[in-house]
Amino acid sequence: MIPFTYERATSPAGAAAAAAKPGAKLIAGGTNLLDLMKLQIETPTHLVDISRLPLDQITETAGGGLRIGALVRNSDLAADPRIRSRYAVLSRALLAGASAQLRNKATTGGNLLQRTRCSYFYDTTKPCNKRQPGSGCAALAGLNRNNAVLGGSDHCIATNPSDMAVAMRVLDAEIEVIDGIGRTRRIPVAEFHRLPGWTPEIETSLKRGEMITAVTLPPPPPGVQLYRKVRDRASYAFALVSVAAIVELRDGRIRSARLAFGGLGTRPWRHEAAEARLAGAAPGAASYEAAAGVLLAEARGHGGNDFKIPLARRTLLAVLGQATIA
Amino acid sequence: MKESDGWDFQPTRRAVLGAGTAAAALLATGLPQGAEAAEPEAPTPVPVTLEVNGVSRSLMLDPRTSLLDTLRDHLALTGTKKGCDHGQCGACTVLLEGRRINACLTLAVMHDGQKLTTIEGLGGPQGLHSMQAAFVEHDGFQCGYCTSGQICSAVGMLAEAEAGMPSYVTANLAEHPPLTEVEIRERMSGNICRCAAYPNIVAAIRQAGGTPA
């Protein structure tokens, strides 16, 4: 770690103002930031500790949803009875991520802001456009087994590793942010994470000097909620492919389906056209294959990660099969 | 809970090394390994008070000091181990305000005024914690390097299960999860044992948790 100075924030707007200064960064749980600071991949010269701000409550919204404070721990969010009963896909996704120790520290806002990353982002001896813009991407022709098959560019194919964010996407969450003079705005989760394009170092639409204060969930959509994660070991590993699904059946047909994916894309992936392909369809392999075909039409492997394309198809078929068992 | 096993009065080689490291960190520039000369000087040490195993400990620390390094290098509580130092192995697991965390991935300064329990605080030769005794009884280790992390993690895990917190393998999110072997293995996945003593670790935890196999 390079040296830094430390301050403890006393208000959300004050924290946002302090974080707007050159070299400053917010720290909450710190599980991703400190990991990267030890490797000098992140090099803040000033840390603004927001971990004691009063943003750790989950409250009901007037519209029938829930407002989750940015500092609610991943473990507490997964265990909350309202999340477990009404937003099971979110609880399941959180429990599929990281380890119990990390979930006890990691926060809702911090989880959304963890870096989109691959092994070359961590390897400071190799080029990485995200770590060092313009240096090149070692993953494109390198070891890319874990990299993205959707949403990549010629500059970056790193995956966003968050399970939580995949569930947030399928639930159409909104992210509340505040700036240094107390102005607030809401960002739909669909617009929060960015595609890498030419600027993979810019991962979110959060502006410098803005801080996440809460994530709001709309009322739960009708239907069964599932989260399926496929990975190299049974626990504590990033997804090779994960599927969040909310499927509503009516009169023997699929009334609506929402699908989001982890491990496949350079950001938490949602595919409305694949969902539309399922709406009104009869449950069955033919419908599921058609939806998978839409989802993966533009998927592009880079050698090591080619297997993710058929794996995504099979995982989606399995999840839809499970969701539509009467 | 007691402070530690008499470290202040029995200078061992480890204690002398630890004290030297602590002094160096305070007096010298405190640059990390591999740091380059062009970097700014180390920031001014900041006051930090932690309640460790029931004893208030006040220190002056470089803000960069992890909770793990604080325990080992500044408080000579070397029961907490450094494995990967990146939150992947669980060897540094301690209980912060009763909840298990990786001490390597947090800064001591962030926990000013908070309560910490380490393996030394759970019990010692004069009186083992039931989890420590169960690990001994079931031979829940081989080399022992991961053991303090396993034990602290297991104590935190039992509290989580007791509180009804679900896990990835909990079949029904509406139920109070049962403490089965599958549940224990999933809940302990943040603690790696490279000797692969897992069957005995699980047996020890089942016994301490009141659900012997």
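We did not get these values from a lab; they are worked out from the coordinates using the rules stated. Everything numeric here is computed off the predicted structure, so don't read it as measured data. Positions of Cβ are generated from backbone atoms using ideal geometry, with glycine treated the same way; all protein chains shown enter the neighbour counts.
Neighbour counts of other Cβ atoms within 10 Å put A:Ile41, B:Ile119 in the fewest-to-most order A:Ile41, B:Ile119. In the protein assembly as shown, the C-alpha radius of gyration followed by the widest Cα-Cα span (Dmax) gives 23.7, 78 angstrom. For GluC sites (Glu not before Pro), the sites in segment A:236-326 that DSSP calls loop and that have at most 13 other Cβ atoms within 10 Å are A:Glu298.
Close amide H pairs (under 5 Å, H built 1.01 Å from N) link B:Leu107 with B:Leu67, residues at least 5 positions away or on another chain. Considering only Cα-Cα distances, which of the following residue pairs are longer than 28 Å: A:Lys21/B:Lys81; A:Lys38/A:Lys105; A:Lys126/B:Lys81? Pairs exceeding the cut-off: A:Lys21/B:Lys81; A:Lys126/B:Lys81.
Within chain A, the whole DSSP H helices whose Cα atoms reach 18 Å or more along their own axis and whose mean Kyte-Doolittle score is at least 0.5 are A:308-323. Evaluating 6.51 cos²θ - 1.76 cosθ + 1.60 at θ = phi - 60° for every residue in segment B:94-104, the Karplus couplings come out as 10, 9, 9, 6, x, 10, 6, 9, 8, 5, 6 Hz, glycine and proline recorded as x.
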